[in-house]
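The values are calculated or read from the model by the stated rules, or taken from the named source; none is laboratory data. Owing to the predicted nature of the structure, the values given are computational and were not obtained by experimental measurement. Please note: Cβ atoms are built from the backbone with ideal geometry, for glycine as well, and neighbour counts cover all protein chains shown.
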Amino acid sequence: MSNQIDQLLKLKTWAIVGLSNNKERAAFGVAKLLIEKGHTVIPVHPKAETVHGQTGYAKLSDIPIPIDVVDIFLNSDLAGDIVNEAIAIGAKGVWLQLDVIDAAAIEHAQEAGLLAVMNHCPAIEYKKRN
């Protein structure tokens, strides 16, 4: 797992599904840290809000640039559909956040050739590496 985490953290363009301007949500802080670490962050949320100065989109397929990592901040029961969308747009990896658990979705992502991490947080992983 550590190897996949390291590989994902090296990728630069992250779509964060569930990211909005709600400062109380973990996605808001994680997005800020990823930007500070040099990543491009694309918010994906039904409201398509601009977050941290980054233009938001309602769904992954609306994003006009290639996405490296799809970071999922949603309920576990929604993760499988987002993983399918990540595969469809040609993402290189998927990251299911802490408490986002869907082993079948991870297996499907890996079968499709994507890097896949579940039940981890990139902010925590960065802190472990500093």
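Output the residues belonging to the range 103-114 that are aliphatic (A, V, I, L, M) and assigned to a helix (DSSP H, G or I).
A103, A104, A105, I106, A109
Do the conditions hold for D102, that is, is it within 15 Å of L11 (Cβ to Cβ), at pLDDT 95 or above and surrounded by 15 or more Cβ atoms within 10 Å (Cβ to Cβ)? Spell out how you get there, then give the answer.
Working: within 15 Å of L11 (Cβ to Cβ): no; at pLDDT 95 or above: yes; surrounded by 15 or more Cβ atoms within 10 Å (Cβ to Cβ): yes.
For D102, the condition - within 15 Å of L11 (Cβ to Cβ), at pLDDT 95 or above and surrounded by 15 or more Cβ atoms within 10 Å (Cβ to Cβ) - is not met.
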Within the range 48-66, can one find any residue that is in contact with a helix residue (DSSP H, G or I) (Cβ under 8 Å, 6 or more places away or on another chain) and within 18 Å of C121 (Cα to Cα)? no
Here is a list of conditions, (1) closer than 23 Å to S20 by Cα; (2) in contact with a Lys or Arg (Cβ under 8 Å, 6 or more places away or on another chain), and D99 meets all of them except one; can you say which number that is? (2)
Looking at the range 29-44, which of the residues that are under 12 Å from the mean Cα position of the chain (by Cα) and not aliphatic (A, V, I, L, M) is nearest to I67 (Cα to Cα)? T40
Do you know which of the residues in the range 105-118 that are exposed (fewer than 15 other Cβ atoms within 10 Å of the Cβ) and either in contact with an Asp or Glu (Cβ under 9 Å, 6 or more places away or on another chain) or of a type in the set (D, E) (or both) is farthest from L74 (Cα to Cα)? E111
